[in-house]
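Below you'll find the structure, written out as structure tokens, and then a few comments.
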Amino acid sequence: MADMPLWEVFIRNQNGLHHKHVGSLHAADEKMALQNARDVYTRRKEGVSIWVVESRHVHASDPQDKAVWFEPADDKIYRHPTFYDLPDEVKNI
Amino acid sequence: MSASAITTGLLPADYREYALRLGDNALILGQRLSEWCGHGPFLEEDIALTNLSLDLIGQAQLLLELAGSQGDDTEQKTADELAYLRDADAFRNVLLVEQPNGDFAHTMVRQYLMDVYDEILYSELIRSGWQPLADIARKVLKEIRYHKQHSGDWLWRLGQGTDESHQRMQQAVDDLWFYTPELFENDDLQQRLQAAGVAPDMASIQTRWQAGVLPALKQAGLRPPESGWVATGGRKGHHSEHLGYILAEMQFLQRAYPGCEW
Amino acid sequence: MYSQGLNGPAEKNTDDSPEQLAAFQKRIDAEEKIEPRDWMPSGYRKTLIRQISQHAHSEVVGQLPEGNWVTRAPTLKRKLILLAKIQDEAGHGLYLYSAAETLGVSREQMIDDLLSGKAKYSSIFNYPTLTWADMGAIGWLVDGAAIMNQVPLCRCSYGPYSRAMIRVCKEESFHQRQGYEVMLKMANGSPEQRRMAQDALNRFWWPALMMFGPSDKDSIHSAQSMKWKIKRFSNDDLRQKFIDATVPQAHYLGLEIPDPELKFNEETGHWDHGEINWDEFYQVIAGNGPCNRERLAARRRAHEAGAWVREAVLASQQKHKQPREVA
């Protein structure tokens, strides 16, 4: 018999923080996935909110494209505050 | 007689008895569910069943502690003494909770019938005039509400899943249905507790229970059996044969090695 | 819970070019983590699938020896602790199955391999739990040995495995402590309790040492797993670390370790120990331990008894979805 679909589980530790990927599990539908996520991934008060996404709906960038996609950001150092040299006397900036 | 006994007409033994009824229901159901640990139908549900068991045994601990704290020093007992050193005839749980797990259908039907009952009962008990019980009820209620979502979903899924699951669920309903009237028995103690504002009116609990359970069964394509034999006796300590075996197993170490610390 | 003893030889690479292999090794050497969609050698993938799934099986089968005492736990507190611990093991099995699934193997396939006897699981779970003291000995010794092995796995080169192990190690920190606490109660309890505690140590000591796998001198070559940073310490190193940590704990309990040759070596600063009965180890691995048949039978029973539930779940999900989509 086939497995139930695979779901990715995201948990928000506390309000104010992002949901974070914590793992996956199998469930037949979203309701069951949420309950299973609660029972599996929040046994130690790890969360206040859960998202589940069926794994087949997650689209990922291709690791082969890593250089093409992400390395062009390497030399855009002017996006970082430390790029700018200001005199020490100038405060609050 | 204590001051509260004068105003309520209740004796420490009455309070103890009521806490035992609630605590023993939780303990025996928790013990039954713990038998599933490691044997669930799939890993996720194995974990979920253990959560139910953990909640229930935790509830039993609080309720039995409350029961054991009633009366004078000579009568007081710990939760463990009550759980491990009473014989079956001193247990006050309803017969439904001691019924064997059977297949997953029997376990989930038993669970659902109890969860609906407990949700209604504890949503009243949070207003109990007996403050320590009301405090426990608030914690219990949160746990039970989740249990009911879980067992309610299973009722629906399995009731109309496959022919086999439907048939198994219907069989479970048929087998367990006649254990439910006992949940609402309105004996002398129950009436006195109600009069004193400690416990709710059982007739209204029953009405609400039926209003919850009957439509849910129908939605799941299940129906209660017509009529038949009705189980009773738990409140008086007259149990089914199953309880003796549950206790023989549960109490083994305390009985074989009395007075030890573990 | 896990035993390094399961780690067989690394799988062979097939069809991978030397350039690809070299580039991959460079990433490993730079302590880069490998993620599911990254290119990896076929041998690396297969080795991980085998190791992670057997690790998962060990967690799931590992529920059974302790589950044997859940309904007989001597106090409500002990019952809650034991239930929570066994439930953690199910959870750890689940994290690990999920990690293995990222490598392209299905849970169904892995479970079939377990139930058919094709996949192995840790030999330790084929020993029976005969008294309550065994709950103490398992937590203290078996989880203790598992921790020795699992902590280095948190740094494993494969991201999902490493993350699962970090979670497992964090959650398992109470497992060994609760076991030792049970042993403390028993060792300081009545004469019968003390006898049970010593007996549990006698029965679990050697099987716990076997969890680290064959001696390095007889061990199947594991250089490739070390090179891939799947494995980071040798069997004997981890075993010695475990013995050195555990002997003083046994002394504190006033219990005797069942090894007449056990002696502190002033020169090396380690405890020297007697020879392990490797015949027994290979027998248990081969399926001839005291409980191999029972453990697998219990897993098969649960799986078969759950089949109609899993089928119904899928069927009801389809029925449930249709009307809603129409609406």
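The values are calculated or read from the model by the stated rules, or taken from the named source; none is laboratory data. Here the structure is a predicted model, which is why all the values come from computation and not from measurement. Heads up, the Cβs are rebuilt from the backbone with ideal geometry, glycines too, and the neighbour counts pull from every protein chain shown. These area figures cover heavy atoms from the full protein model, side chains too; ligands, DNA and RNA do not enter into them. Shrake-Rupley method; radii C 1.70, N 1.55, O 1.52, S 1.80 Å.
Just a few scattered comments:
- Exactly one residue out of C:280, C:311 is part of a helix (DSSP H, G or I) and within 14 Å of another protein chain (Cβ to nearest Cβ): that is C:311.
- Filter result for the condition that a residue is away from chain B (no Cβ under 14 Å), in a helix (DSSP H, G or I), loosely packed, with under 14 Cβ neighbours inside 10 Å and of a type in the set (Gly, Ala, Ser), over C:250, C:297, C:286: C:286
- Residue count for region A:24-59, restricted to those that are in contact with a Pro (Cβ under 9 Å, 6 or more places away or on another chain) and either within 12 Å of chain C (Cβ to nearest Cβ) or β-branched (Val, Ile, Thr) (or both): 7
- Some residue of region C:309-326 being of a type in the set (Lys, Arg) and touching a residue at least 60 places away in the same chain (Cβ under 8 Å): no
- Residue check for residue C:279: under 30 Å from residue C:48 (Cβ atoms) and free of Cβ contacts under 8 Å to residues at least 24 places away in the same chain: no
- Helices (runs of 4 or more DSSP H) fully within region C:129-202 that include at least 2 residues being farther than 22 Å from residue C:65 by Cβ, among the small types (Gly, Ala, Ser) and in contact with a helix residue (DSSP H, G or I) (Cβ under 8 Å, 6 or more places away or on another chain): C:159-187.
- Taking (1) closer than 24 Å to residue C:195 by Cβ; (2) among the hydrophobic types (A, V, I, L, M, F, W, C); (3) open to solvent by 10 Å² or more (accessible area, probe 1.4 Å) in turn, residue C:119 satisfies each apart from (1).
- Condition met for residue C:20 (of a type outside the set (D, E, K, R), surrounded by fewer than 21 Cβ atoms within 10 Å (Cβ to Cβ), part of a helix (DSSP H, G or I) and modelled with pLDDT under 95): yes
- Single match in C:75, C:102 (criterion: at the interface with chain B (Cβ under 10 Å from one of its Cβ atoms), over 22 Å from residue C:211 (Cβ atoms) and among the hydroxyl-bearing types (Ser, Thr, Tyr)): C:75
- Tabulated pairs, region C:34-47, first away from chain A (no Cβ under 14 Å), second open to solvent by 40 Å² or more (accessible area, probe 1.4 Å) and part of a helix (DSSP H, G or I), C-beta under 6 angstrom, 6+ apart or interchain: C:41/C:21
- Region B:121-132, subset part of a helix (DSSP H, G or I) and over 14 Å from residue B:25 (Cβ atoms), residue least open to solvent (accessible area, probe 1.4 Å): B:123
- Failed item in (1) of a type in the set (S, T, N, Q); (2) open to solvent by less than 40 Å² (accessible area, probe 1.4 Å); (3) without any contact (Cβ under 8 Å) to a residue 40 or more places away in the chain, with residue B:227 passing the rest: (2)
- Qualifying positions in region B:154-167 - facing chain C (nearest Cβ under 7 Å) and among the charged types (D, E, K, R): B:157, B:164
- For region B:42-64, the tally of residues that are within 7 Å of another protein chain (Cβ to nearest Cβ), assigned to a helix (DSSP H, G or I) and under 17 Å from residue B:158 (Cβ atoms) stands at 3.
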